[in-house]
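Quick one: the structure is below, questions incoming.
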Amino acid sequence: MKNFAYYTAESVPAAARALAGMKNAVAKGGGTDLLALLKDRVLEPDEVVSLKGAKIDAKVAGVIAATTTLAELAADPWIKKHAPAVHVAADEAATPQIRNVATVGGNLCQSTRCWYYRNKNFACSKRGDDACAALTARSQHRYHAVFPHVACASAHASNLAPALIAVAATVHCVHPDGDRALDAGLLYQDPAKGRVQDTILRPGELIERITVPDSPLARRSTYVEFRERESFDFSAVSVAAAVHIDGGKVIDARIVLGAVAPKPLRATAAEQALVGQPLNAATIEKAAAAAFADARPLSDNKYKVVIGRRLVMRALAGLKEMR
Amino acid sequence: MSDLKLGFPGNEKNENFETPDNVAPPWDATTKFSVMGKPHPRLEAEDKVTGRAKYSYDIRFPDLIYAKMLRSPHASARVKSIDISKAKALPGVLYSEARQGLTVRYAGQGVAGIAAETEEILDDALALIEVEYEVLPCAVTVEDAMAPGAPQVLNGPNVGGRPGRGKERVDAVHKDADIVVEAEYRTQVQTHSCFETHGCVCKFDDDGSLTVWASTQSTFFTKTAIARAARVRPENVTVITEHMGGGFGSKFGADDWDRFCVLAARATKRPCRYLLDRRAEHLIAGNRPDSIQKCRFSANKNGTLMGAWVESWGTAGVGRGAGVQNPTIYRFRAAGSEQKDVRTHAGRGRAFRAPRHPQGVFALEGMIDEVAFALGMDPLALRQKNDAHPVRSAQWPVGQKAIGWRKTPRGNGAVKIGYGCAGSRWGHNARPGDAVRCRIGKDGSVLFANGSQDLGTGTRTLIAILGAEELGVPLSFVDVRLGHTTDPYGHASGGSVTAPSIAPVVKQAAWLAKRELLEHIAKKIGGDPKKMELTDGDVLGGKKKITFKQACALLPVDSIDVTGDSRNVFRVPRFSREVAGVQFARVAVDTETGLVKVQKIVSVQDCGQIVNELTVRSQMLGGVIQGLSYALFENRLLDRNTGDMVNADLLNYKIAGARDMPEIETIPFNVAQGGTTAGVSSLGEPATVPTAGAIANAVSHAIDARVRSLPITPDKVLAALGAL
Ligand SMILES: Cc1cc2nc3c(=O)[nH]c(=O)nc-3n(C[C@H](O)[C@H](O)[C@H](O)COP(=O)(O)OP(=O)(O)OC[C@H]3O[C@@H](n4cnc5c(N)ncnc54)[C@H](O)[C@@H]3O)c2cc1C
Ligand code: SF4
């Protein structure tokens, strides 16, 4: 890893101010993702600003500080009751050791696990190269996107992102030029050549906190994921789903797919298949089919589509049973 | 003439045997043991869990320097130029090497090397080396290397191997058989993934002598190889391996990186350390070759196996050594194989825990199941009918009962539960050549010493138990020193030779020391030394009873110091020709997602004469765990464009973890084997052989469709179910 100067910020806004004065800096939450990227020299910053010392204000129901660890989030009783999808996503992520240090902000802003991105021996358009090593017939892409973008077939790795999007959480960002709050679904953007970051955050802009609404949609939410290995593994596909049912009909629905595209994917066609309908076996099956109707899997990852459809069905079947 | 009783309850036989005068009398089925066979924690257990145990990885000196090599990102290339000047100019860089003009034949091959004051400087220096490559076409799969016009990996053709013999005879038997079954099986490349990576720490003393702390399965091979690399006389080299973090067949001597390390230490006159990083460990430090096995088996309606012919292809990268143990185990009228060994642009294969066996047995046992289904026979019954081994024949029903064998799968809904089994065979690999020193001090201390290493299997404790048993003292009286080449010779730990080979020699050393002690004591307390014995720490049969410690205090010399060797201790009749084992698996398969969860494994293993029940069980557990990991997860993935490995870490190279573990029931079979005076057998390797085969058969049983390729990942299960 390249040498860098290391700073500890007292608060997230203070970190954002510090970053504004630096040219080639990154923020560090728990460092569980960042450290690996530094070691492999995928990122070579001159400054690293740690958020780990940032004080968290007194707890308010539904407000998650960006520096909250995944373990703390998983233990939050309000979240467990009012946003079960978020609870399960935090609880299932990574390993106990990692959950104890990894932060919510870091989880949302973590890099893709694309092994070509993380190995500088290979070409990667995200890193600025002309080609993408993953997008050839002879590449290894069993965990890559089944909804690839023309420039990049990476799979978004975060558990938490689909869950927060499904419960319609709001992300509060800080930047010296002005703070903003946005729907979690709007945090991510399509990949572009030379842009390693998947979020729309401006240079130096940081997530300060996330608010989860107390809503019927969030309360009736769930998260299911599929991974090949129980221990120590990322999900190959994940689904976060939430429905608001009134008078026997779905009046609002959010279905979000993880690890199938370069960003968490709202399955809007699947959501539309449910709205105005009762939640039953037939509508569930329709929604599952709609969720993956546009999938274009690569030669090694067709299985993700088959499993993804199943997960949508299992998630919705779970919501049907939920009160 | 005395009788030797061999075997196990229910199958015992007597052999005539006369113990020569100078040899410890052999143990057999009638021996009453006081230390042997019970569960003993490892002597170094506390040191290991508290971190006191020092591995080569942990050896540090104040003036230690660090070495590392720059590795080729291309699998096939010519090095046009290397500019190392910027790296050399970096303060703290002490030594370097540039391999100008090198032809690269696999990704990860060392191109240049640096030694520096700190690991951080080293890392920066490596990043400053500029290499210009002429990239050449590569072939990293068997298919690519066999395609017309494929690039030639080394001199000579890519495809090697021995022609098969006896195909005509097998074909003729097939013709006579009632049914013939044909199928193709495939296995993947598995890397050893030793917890402690390969490498060493080298230190020259002022007098020119060299000490090497090596993570090795053979201290003595390493000594010779390092001496040659450093141009030092072997007698001036000491290799030390107190503890090591796994080898599995990949650590038999000095490697390229060890040579670089010792040259750096010599040139700089500083102790130097080079232990591979995880990526290099995957790329260049060994692997189990893959295989494609085309099988044609036949049988008669009454369940008699007839013919078996296997044609196989596999790659050990730039090395040779791909091949499979298939067909084997069962009695066929006629059987044979033709095995092709295909070179590819990839890191060299190395011996890996039971080389050739797990992959061969996976295909063999799959075929046996396929034959059984074609015959409408219970697969277990078919095996029992065609298995002549006296021990395995007794093991099948034991495993059957422990797993709760069922002919029909269970489960309703998406999750189906299936059962499978598989067998193994291995050699009784006791090899002459070891020597063990036994020293009994006037102060009552007892030390056994041997210069070979404890691979992690518990050899240190094994030696202590054997020594205590033969001496007739409690285990707590005994110390063991292992892993210093200044002590007597010991074999490389490979082929599961260690325990069976060293056991009779430890026994012999202990017996010689005991006889000498009793002769001294007889003179002091009166009595016939031939009639005196040491039992449970007491000297019995003399004019008066005294304790071992009292006896030692009476010694007229400071210590008794004897060396036992392997002469005469190997000429003992043997019970059965091969080591036998069977395993059974119960798995749950989610037919909607293809996910396999192994619920239970039963391992029934011939352990010969059990020395330590605890380490016997832990070898069996480790064998199952590694076999399960091979069956479901592990897979070296190479990018076919450049030949570099995409999952050279421990996240994407998936190894079974705690939550993937099934219930594992170990049923050690204690068999008085004979063969040596100790009767101890090989265990470490056979314990891993049947696991993948048993799991694969259980999966196929559960879903009523066959997965013929390892690892059994969800996509393959879904494909077998026709869902992809
Ligand atoms: C073995 C293993 C298994 C894993 N399995 C899973 C899994 O199943 N599911 C899953 O979701 N994740 C998984 N992870 C990833 C893990 O959850 C992330 O590494 C972790 O959440 C990142 O959090 P961190 O605080 O350590 O981030 P860091 O590593 O500190 O930072 C990651 C990135 O986020 C940026 N960042 C950090 N905080 C902020 C902020 N407040 N505002 C803006 N940017 C910020 C950093 O600049 C950096 O770019 C796994 C990781 C490992 C190593
Ligand atoms: S898939 Fe995306 S991240 Fe991976 S190599 Fe291609 S461009 Fe880079």
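Subtracting the Cα-Cα distance from 0.36 nm times the residue separation, let me have the gained length for A:ASP130 to A:LYS81 in nm, one decimal.
Numbers: separation 49, 0.36 × 49 = 17.64 nm, distance 4.74 nm.
That pair, A:ASP130 and A:LYS81, stretches by 12.9 nm at full extension.
When only DSSP loop residues count, what trypsin sites (Lys or Arg not before Pro) in segment B:205-254 have their Cβ near at most 11 other Cβ atoms within 10 Å? Let's see the in-between values first.
On the way: sites: B:LYS223, B:ARG228, B:ARG231, B:LYS251; in loops: B:ARG231, B:LYS251.
Those that pass, being in a loop and sparsely packed, are B:ARG231.
Over segment A:225-317, what relative contact order in percent results from Cα pairs under 8 Å that are six or more residues apart? Write down the numbers at each step before the final one.
Working: 154 pairs, mean separation 23.5, N = 93.
Computed value for segment A:225-317: 25 percent relative contact order.
Indicate the residues belonging to segment A:122-149 that lose 50 Å² or more of solvent-accessible heavy-atom surface (probe 1.4 Å) upon moving from the chain alone to the assembly of all protein chains, ignoring ligands and nucleic acids.
When all protein chains are present, A:PHE122, A:ARG138, A:GLN140, A:ARG142 each give up 50 Å² or more of accessible surface.
To the nearest 10 square angstrom, what accessible area does A:LEU298 show with a 1.4 Å probe?
30 Å²
Provide B:VAL180, B:VAL23 ordered by accessible surface of protein heavy atoms (probe 1.4 Å), highest first.
On the way: B:VAL180 65, B:VAL23 5 Å².
In descending accessible area the options line up as B:VAL180, B:VAL23.
How far apart, in nm, are two points set 7 Å out from the Cα along the Cα-to-Cβ line at B:ARG233 and at B:THR486?
1.7 nm
When the chain is fully extended, how far beyond the present Cα-Cα distance does B:ALA388 get from B:LYS32, taking 0.36 nm per residue of separation? Mind dumping the intermediate values first?
Working: separation 356, 0.36 × 356 = 128.16 nm, distance 3.02 nm.
Length gained between B:ALA388 and B:LYS32: 125.1 nm.
What percent does the relative contact order of segment A:37-182 come to when contacts are Cα pairs within less than 8 Å and at least six residues apart?
Details: 167 pairs, mean separation 29.3, N = 146.
This gives 20 percent for segment A:37-182.
Once Rh is set to the Kirkwood radius over Cα pairs, what Stokes-Einstein translational diffusion coefficient, in µm²/s, holds for chain B at a temperature of 20 °C and a viscosity of 1.002 mPa s?
Values: Rh = 27.5 Å.
Diffusion coefficient, whole number: 78 µm²/s.
Between A:ARG180 and B:ASP63, what is the label-point separation in nm under the 7 Å Cα-to-beta-carbon projection?
My value for the distance between the label points is 6.1 nm.
Per residue of B:640-650, how many C-beta atoms from partner chains lie within 10 Å of its own C-beta, taken as a mean?
On the way: counts 5, 8, 6, 0, 6, 4, 13, 4, 2, 5, 1.
Across B:640-650, the average partner-chain Cβ count within 10 Å equals 5.
If Lys and Arg each add +1 and Asp and Glu each add -1, what is the summed charge of the other residues whose beta carbon sits under 11 Å from the beta carbon of A:MET1? Walk me through the intermediate numbers first.
On the way: positive: A:LYS2, A:LYS39, A:ARG41; negative: A:ASP40, A:GLU44, B:GLU119, B:GLU120, B:ASP123, B:ASP124.
Net charge around A:MET1: -3.
Return the lysines within reach of A:LYS2: Cα separation strictly under 20 angstrom, same-chain partners fewer than 8 residues apart disregarded; answer none if there are no such residues.
Those lysines meeting the cut-off are A:LYS23, A:LYS28, A:LYS39, A:LYS120, B:LYS68, B:LYS86, B:LYS88.
On to the next question. Counting C-alpha atoms alone, how compact is segment B:437-575: give Rg to one decimal and Dmax as a whole number, in angstrom.
Rg and Dmax of segment B:437-575, Cα atoms, are 15.3, 48 Å.
For segment A:262-323, what percent of Cα pairs sit more than 16 Å apart?
Numbers: 849 of 1891 pairs.
Of the Cα pairs, 45 percent sit more than 16 Å apart.
Enter the mean number of other protein chain beta carbons within 10 Å of the beta carbon of each residue in B:653-664, as an integer.
Values: counts 0, 6, 3, 4, 6, 4, 6, 6, 2, 0, 0, 0.
The per-residue average across the peptide is 3.
Run lengths n ≥ 4 of DSSP H only: what is the helix-derived mean residue ellipticity at 222 nm for the protein assembly as shown, with -39500 (n - 2.57) per run over all residues, to the nearest 500?
On the way: 29 runs with 291 residues, N = 1047.
Result for the protein assembly as shown, helices only: -8000 deg cm²/dmol.
If you average over every viewing direction, what projected area does the convex hull of the Cα atoms of segment B:63-152 give, in nm²? Mind dumping the intermediate values first?
Numbers: hull surface 25.0 nm².
That works out to 6.2 nm².
Averaging over all projection directions, find the projected area of the Cα convex hull of segment B:92-211 and quote it in nm² with one decimal place.
Its average projected convex-hull area is 15.0 nm².
When the Karplus curve 6.51 cos²θ - 1.76 cosθ + 1.60 is applied with θ = phi - 60°, which whole-Hz ³J(HN,Hα) does each residue of segment B:83-99 get, with x for Gly and Pro?
For segment B:83-99, the Karplus-derived couplings read 10, 10, 5, 5, 5, 5, 6, 5, x, x, 7, 10, 7, 8, 8, 10, 9 Hz, x marking Gly and Pro.
Given R₀ = 51 Å, FRET efficiency for B:ALA553-A:ASN100 by Cβ-Cβ distance, to 0.05? Before the final figure, lay out each step's value.
On the way: r = 56 Å, r/R0 = 1.10.
The computed FRET efficiency comes out at 0.35.
When the accessible area of segment B:581-705 is split by element with a 1.4 Å probe, what percent falls to carbon and sulfur? Can you show the working numbers first?
Numbers: 1340 of 2600 Å².
Taking all protein chains in place, segment B:581-705 shows 51 percent carbon and sulfur surface.
Ballpark to the nearest 100 Å², how much total accessible area do A and B bury together, probe 1.4 Å?
Using a 1.4 Å probe on protein heavy atoms, the buried area is about 3200 Å².
A further question on this structure: Could you give the C-alpha radius of gyration of segment B:296-376 expressed as a fraction of 2.2 N^0.38 Å, taking N as the number of residues it contains?
Ratio of Cα Rg to 2.2 N^0.38 Å: 1.25.
How large are Rg and Dmax for the protein assembly as shown when calculated on the C-alpha trace, in angstrom?
Using the Cα atoms of the protein assembly as shown, the pair Rg, Dmax is 31.9, 104 Å.
Moving on to the next point. What is the calculated FRET efficiency for B:ARG659 to B:ALA45, with r their C-beta to C-beta distance and R₀ = 22 Å, to the nearest 0.05?
0.30
While we're here: Provide a list, ordered by number, of residues in segment A:276-310 showing at least 30 Å² less accessible area with every protein chain present than when their chain is taken on its own, using a 1.4 Å probe.
So the qualifying set is A:TYR303, A:VAL306, A:ILE307, A:ARG310.
Under the definition of Cα pairs under 8 Å and six or more residues apart, what whole-number percent is the relative contact order of chain B? It would help to have the intermediate numbers written out before the result.
Numbers: 1912 pairs, mean separation 120.6, N = 724.
Contact order relative to length: 17 percent.
Also: Could you size up the charge dipole of the protein assembly as shown around its Cα centre, putting +1 on the beta carbon of Lys and Arg and -1 on that of Asp and Glu, and report it in debye to the nearest 20? If you can, show how the numbers build up before the last one.
Numbers: 131 positive and 112 negative charges, 262 e Å.
It works out to roughly 1260 debye.
Report the one residue of B:VAL680, B:SER72, A:PRO216 whose Cα lies farthest in the direction of the positive end of the charge dipole of the protein assembly as shown (charges on C-beta: Lys and Arg +1, Asp and Glu -1; origin at the Cα centre).
B:VAL680
Between A:ALA291, A:ALA145, A:ALA18, which gets the highest mean-square fluctuation from a Gaussian network model of chain A, Cα cutoff 10 Å?
Greatest mean-square fluctuation among the candidates belongs to A:ALA18.
Here's another thing I want to ask about it. Through the Karplus equation 6.51 cos²θ - 1.76 cosθ + 1.60, θ set to phi - 60°, convert the phi angles of segment B:668-682 into ³J(HN,Hα) values in whole Hz; use x for Gly and Pro.
x, 9, 7, 10, 6, 8, x, x, 9, 5, 9, x, 7, 10, 7
Could you tell me how many cubic angstrom of Cα convex hull volume chain A has per residue?
Numbers: hull volume 40.2 nm³, N = 323.
Dividing the Cα hull volume of chain A by its residues yields 125 Å³.
So, one more: With N denoting the number of residues in segment A:167-298, provide Rg(C-alpha) divided by 2.2 N^0.38 Å, to two decimal places. Intermediate values should be presented prior to the final figure.
Details: Rg = 16.8 Å, N = 132, 2.2 N^0.38 = 14.1 Å.
In units of the globular-protein estimate, segment A:167-298 measures up at 1.19.
³J(HN,Hα) across segment B:220-235 via Karplus (A = 6.51, B = -1.76, C = 1.60, θ = phi - 60°), whole Hz, x for Gly/Pro?
After applying 6.51 cos²θ - 1.76 cosθ + 1.60, I find 6, 4, 4, 4, 5, 5, 5, 4, 5, 5, 8, 6, 10, 5, x, 5 Hz.
A follow-up question, please. Could you report segment B:261-362's accessible area per residue, 1.4 Å probe, as an integer in Å²?
With the other protein chains kept in place, segment B:261-362 gives 27 Å² per residue.
Now for a separate question. Restricting things to Cα coordinates, could you compute the convex hull volume per residue of segment A:169-212 in Å³?
Values: hull volume 2.9 nm³, N = 44.
Enclosed volume per residue, from the Cα hull, is 66 Å³.
Do any residues of segment B:108-132 show a loss of at least 20 square angstrom of accessible area between the isolated chain and the full protein assembly, using a 1.4 Å probe, and if so which?
Relative to the lone chain, where solvent access is computed with a 1.4 Å probe, segment B:108-132 loses at least 20 Å² at B:ASP123, B:ASP124, B:ALA127.
The values are calculated or read from the model by the stated rules, or taken from the named source; none is laboratory data. Nothing here was measured: the structure is a model prediction, and the numbers come from that model. Heads up, the Cβs are rebuilt from the backbone with ideal geometry, glycines too, and the neighbour counts pull from every protein chain shown. When the accessible area is computed, the model is the full protein with side chains, heavy atoms only, and any ligands, DNA or RNA have been set aside. Shrake-Rupley method; radii C 1.70, N 1.55, O 1.52, S 1.80 Å.
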